[in-house]
Amino acid sequence: MILGNLASSVGNVVGDITGLNKPSKNTITGSVVIVKKNVLDFNAVHSTVADSLFDLLGNQVSLQLVSAENPDPANENGGKLGKLAALEYWNLTYTPLLAGDDSLYKVSFEWDEEFGIPGAIILRNNHTAEFFLKTITLENVPGEGRIHFVCNSWVYPDRRYKKPRIFFSNKTYLPHETPAALRKYREEELQVLRGDGTGQLKTGDRVYDYALYNDLGDPDKGADLARPVLGGSAQYPYPRRGRTSRPPSKTDPKTESRLFLPNILNIYVPRDEQFAHLKLSDFIAYNLKGLVNQIIPLLEAFVNYTPNEFDSFKDVDNLFFNGLPLPTDLINQVANNIPLEMMGEFFRSDGQQLLKFPVPKLIEDRSNPFAWRTDEEFGREMLAGLNPLLIQLLKEFPPVSNLDPQVYVNQNSSITKQDIEYNLDGLSVEEALSSKRLFILDHHDTIMPYLQTINEYTEAKTYASRTILFLRGDGTLKPVAIELSLPKMEEDKIGCVNKVYTPAEHGVEGWIWMLAKAFVNVNDSGHHQLVSHWLNTHAVLEPFVIATNRQLSVVHPIYKLLHPHFRDTMTINALARELLINANGIIEKTFCPGKYSLEMSSVIYKSWNFMDQALPNDLKKRGIADGDIKSLDDLDRLLIKDYPYAVDGLKIWFAIEKWVRDYCSFYYKTDEMVQRDPELQAWWKELREVGHGDKKDEPWWPKMQNLEDLIQSCTIIIWIASALHAAVNYGQYAYGGYFPNRPTLSRRFMPEKGTPEYAELEKNPEKVFFRIMSSQLQSLTVITVVETLSNHASDEVYLGQRTPNWTTDAVPLQASDAFNRRLAEIEGEILKMNIDKKLKNRVGPVNVPYNLLHPTGEFGISGKGIPNSISI
């Protein structure tokens, strides 16, 4: 206590000497909320000691008001600067040792009437360590009252910056409305964030820039780990990622080098993008590091200790209900390398060490343990499962291919009327087509171009597939035929050999049908992970994150609208490139396309259309909507009335659109205001020409010349970041955690009559099923990964939730409140539909309610909730 008083006295004396704490007749008091690094990192204790010494010498955290009203010619017409003021009693402020707890500091500024109202604050951190600055609040500002500065930014020591950090008040300005005194600072801040495109980027830097996907391969470790550069070419177009500035590899100068270091994120990401969470352990995706470095090697060791295959569904069920004993010497072998909390998370103990996973919702209901095998559930998951984005109306029978006839031949379907007509509830094929009751899940044209390569050069043995489904009177989808196809050279073109399978329930034919459905799900799992999930949410959104930070000021209304929807996205994408989608990463090891996974997604990106990401446009394009859906009054245009993803999604879509319309219309009264906003136009130009530069000449891009272009574009961006990602991510464990339901890889072809494999299928069908599908190690790896990816964080921020005091404008605040009220109404509507027995697709045979688009969620693997952003 004596030392504390002495430090306080010395600090005050030194403060008086340096002029930082001189009393003033006119004073504005303020409060500053900070989280010190030593609260978050126990290794930073040494920085606290050093900071104490710096404070005694007067090198404190200083703040300086910037006038919003009075430019200063001596400051290049930037706002008049107030006198330096220091945070008071840095060392004496109580700093709790719980992550995320705040420290509150006081500050006093000299002020006079000639200075006017403050519009920004310059802050200098003269300490040795960074801290997280949450907010600054000024009290009783003459003529203004309270002024909020919402910062939420890491502030590094001032010597790290070319220009000191500046934070603007929570007022919102279009560029031409910016007070003259603040324009200089607005422009300079954007220049800092853009960088100059050169030099090495380091931890703590704030530069946002673009790069190609040239960091997936690792040719320095072997030619088998080389991968093509994605983006920048007609052959492999791709969205851009954030620039990391790592040097090129030694083997291939076009490929960026990879430096894998355990337990840290060693890829550059702008510091404020790394974690909105203050501690790494709060960020669920960080568990991926431990998973790859520690848990998967343990799984590999476990497989080596035991027979490396599952033989029955009971073996798989034991993973969830009973657990598999882990050998003691194996536990001892790895225990020193795995943090205790991670051991407890991935390996549950019930008196003994067991490999045991949470029970996926798909098999929770033990009254019907094989409900997941039914044809009804197979069809339902195309409407309410993990990948409900691909089912489309069948407009022509038999189905036709759109592959290039110069390269491919005879790729149309071989399914006949005789194959399906007996299963159409009395209708002919023509009647079913004309009444729009035939649908297709088509994985033929996307798989066929790579199929021979996959089957020859990876361990996978698989097919292209087409699945025909019939819409029954009760609203459910019944699969009536599955076609599996293999490539076959016909002179100088690629033809195919088709085989058609039809439903069967018993005997070996029933198992053949089950295997046919499993081969379809292998294709669907790959498409889901690589396209529906990775490409169409994670990858396509990253350019929007980068461009928004480079071209839109933090005080720009569109920045404020979109910024909450970018939380953690660049970080999880960087982690994905390091661990999941990289050469020989988890995706390549466990999903069917193997080493060609990302290359295939690049080919599919050729047909990506920004406007098709709007849910009403998507439903119309797939033929699911019979005409335009312009409001919820048009829901009756859905051909499949009980389509949970579409019904819930449209409710969310139109709620987002109304919120965006109300918000944008407040700031842009005319189309001319959109056209004359230089930041907005630069933002949209950079998105098209750089961020999605390989598609810059596509005619479908909005021109951004009117308010409607802006509303639709922002609605699509928010939809992708929130609801679309939630729909394809958070159900992964519920449906894919029980991997026989969603196998990710097949290792053998379908058993044919007259072969030993067919004879074995007749004798021991379950054993054959597991020999054909993913191996034990691949399956355990997928379970572990999707468990992590399906988690909602404890600090999750859900759709509609915003930081307090994010704007001062009353109309946008009212619109935000209305948006949240509508989301609450939608929650009630979803809960009501989920208990409506007439809506059979809402819960299905497996008794799993469709909650993926329920706006608010629950911590853990809840399968419920729409986060604001792609944060996992």
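Annotation: peptides 116-124, 641-649, ranked by per-residue average of other Cβ atoms within 10 Å with the highest first, follow the order 641-649, 116-124. Phi angles of region 61-69 translate, via the Karplus equation with coefficients 6.51, -1.76, 1.60 and θ = phi - 60°, into HN-Hα couplings of 7, 10, 10, 9, 5, 10, 5, 8, 10 Hz per residue; Gly and Pro are given as x. Three principal axis extents describe the C-alpha atoms of region 735-791; from largest down they are 46, 16, 15 Å.
Against the longest principal axis of the chain, how steep is helix 810-834, in degrees 0 to 90 to the nearest 10, with axes from Cα atoms? That works out to roughly 30 degrees.
The share of C-alpha pairs in region 114-190 whose separation exceeds 21 Å stands at 34 percent. The value of relative contact order for the chain, using C-alpha pairs under 8 Å at least six residues apart, is 13 percent.
Under the simplified labelling scheme, the E509-S367 pair shows an inter-label distance of 3.2 nm, with each label point 7 Å from Cα along Cα→Cβ. Against the chain, whose longest principal axis is taken from its Cα atoms, helix 180-194 shows a tilt of about 50°. Pairs of alpha carbons in region 384-444 separated by more than 20 Å make up 37% of all such pairs.
Relative to the Cα centre, the charge distribution of the chain, modelled as +1 at Lys and Arg Cβ and -1 at Asp and Glu Cβ, gives a dipole magnitude of about 740 debye. Using only Cα atoms, tell me the angle between helix 540-551 and the longest principal axis of the chain; keep it within 0 to 90° and round to the nearest 10. So the inclination is approximately 20 degrees. For the chain, the extents of the C-alpha atoms along the principal axes are 97, 68, 55 Å, listed from largest to smallest. Assuming charge only on the beta carbon of Lys and Arg (+1) and of Asp and Glu (-1), the dipole of region 180-241 about its Cα centre is about 280 debye to the nearest 20.
For S257, nonlocal amide neighbours, meaning residues 5 or more places apart or on other chains whose placed amide H falls under 5 Å from its own, are S249.
Here the Karplus curve 6.51 cos²θ - 1.76 cosθ + 1.60, taken at θ = phi - 60°, turns the phi angles of region 763-771 into couplings of 7, 9, x, 5, 4, 5, 4, 6, 6 Hz, with x standing for Gly and Pro.
Cross-linked pairs K606/K838; K560/K832; K595/K685; K37/K560; K184/K254: Cα-Cα separations exceed 29 Å for K606/K838; K560/K832; K595/K685; K184/K254. Take each peptide in 586-592, 857-863, count the other Cβ atoms within 10 Å of every residue, and average; sorted highest first, the result is 586-592, 857-863.
Pulled fully out, how much extra length does the chain show between E760 and D633, if you take 0.36 nm times their separation in residues and subtract their Cα-Cα distance?
Gain on stretching E760 to D633: 40.2 nm.
The residues of region 390-527 present an accessible area of 41 Å² per residue when probed at 1.4 Å with all protein chains retained.
The amide H of T744, built 1.01 Å from its N in the peptide plane, has S774 as neighbours under 5 Å, considering only residues 5 or more places off or on other chains. Ranking V407, T374, I440 by Cα position along the charge dipole of region 374-466, where only Lys, Arg, Asp and Glu carry charges on their C-beta atoms, puts V407 farthest toward the positive end.
Using the structure shown, list the pairs from K395/K493; K517/K651; K361/K837; K134/K171 with a Cα-Cα distance above 21 Å, or answer none.
As for pairs spanning more than 21 Å Cα to Cα, those are K395/K493; K517/K651.
Altogether, the Stokes-Einstein calculation at 20 °C and 1.002 mPa s, with the Kirkwood radius of region 390-527 over Cα pairs as Rh, returns a diffusion coefficient of 137 µm²/s. Farthest toward the dipole's positive end in the chain, which of A460, N609, G323, given Cβ charges of +1 (Lys, Arg) and -1 (Asp, Glu) about the Cα centre? Of the options given, the answer is N609. Considering only protein heavy atoms and a 1.4 Å probe, what is the carbon-and-sulfur percentage of the accessible area of region 548-602? Within region 548-602, the accessible surface is 51 percent carbon and sulfur. One decimal place: the segment E672-K641 gains 7.1 nm when fully extended, by the rule 0.36 nm per residue minus the C-alpha distance. Report summary: the helix-based calculation at 222 nm, which adds -39500 (n - 2.57) for every DSSP H run with n ≥ 4 and divides by the residues of the chain, gives -10000 deg cm²/dmol.
Modelled spin labels at K753 and K314, positioned 7 Å past Cα toward Cβ, are 3.2 nm from each other. Quick note on region 416-471: its Rg to Rh ratio, both from C-alpha atoms and Rh being the Kirkwood radius, is 1.17. Peptides 654-667, 729-742 ordered by packing proxy, namely the average of other Cβ atoms within 10 Å per residue, highest first: 729-742, 654-667.
The values are calculated or read from the model by the stated rules, or taken from the named source; none is laboratory data. All of these numbers come straight from a predicted model, not from anything done at the bench. Cβ coordinates were reconstructed from backbone atoms using ideal geometry, including for glycine residues, and neighbour counts include every protein chain displayed. These area figures cover heavy atoms from the full protein model, side chains too; ligands, DNA and RNA do not enter into them. Shrake-Rupley method; radii C 1.70, N 1.55, O 1.52, S 1.80 Å.
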